[in-house]
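To keep things clear, I will list the structure first and then write my remarks on it.
The values are calculated or read from the model by the stated rules, or taken from the named source; none is laboratory data. Quantities reported herein were computed from a predicted structural model and do not represent experimental measurements. Please note: Cβ atoms are built from the backbone with ideal geometry, for glycine as well, and neighbour counts cover all protein chains shown.
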Amino acid sequence: MVGVAQDNSLFKYSIDLGVDITVADPSSAFKLEGEIGHQLGAHQSAIRGVVLSNNDYSMATYSFDSIHVWGIDFNA
C-alpha cells in the first residue's frame, strides 16, 4: 500500500492480513517499509492518487493539475 503525506512524499506500507482487527489495534496490521519519493515536485497541487504497476517498476501519480508516470524499483 502507498500513502501520501501533505508535502507530496510517498511511503510504502505492508499490510498483515492475518491481524484480527476486531481484537488487536488496527494500526498493528500496517508496517512502514520506507519512503518512495520525497516531496514529488512534478505536481503543482496535492497528489490525489497513486496507481502501482503489477511488475513493481513503475507508478503513476495524479493530481488536479497533472498525471505523472514514474520509473521506480519497489524491490530495491
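Brief remarks on what is shown
- Qualifying position, being modelled with pLDDT under 85 and among the charged types (D, E, K, R), among 16, 73: 73
- Cβ-Cβ contacts under 9 Å between residues 6 or more apart (or on different chains), taken from a first residue in the range 12-32 that is in contact (Cβ under 8 Å) with a residue 40 or more places away in the chain and in a strand (DSSP E or B) to a second residue that is surrounded by 10 or more Cβ atoms within 10 Å (Cβ to Cβ) and of a type in the set (A, V, I, L, M), are listed as 12/1; 12/2; 12/32; 12/36.
- Pairing each residue of the range 52-65 that is closer than 17 Å to residue 5 by Cβ with any residue that is of a type in the set (Ser, Thr, Tyr) and surrounded by fewer than 15 Cβ atoms within 10 Å (Cβ to Cβ), provided the two are 6+ apart or on different chains, yields C-beta distances under 7 Å for 59/53; 63/45.
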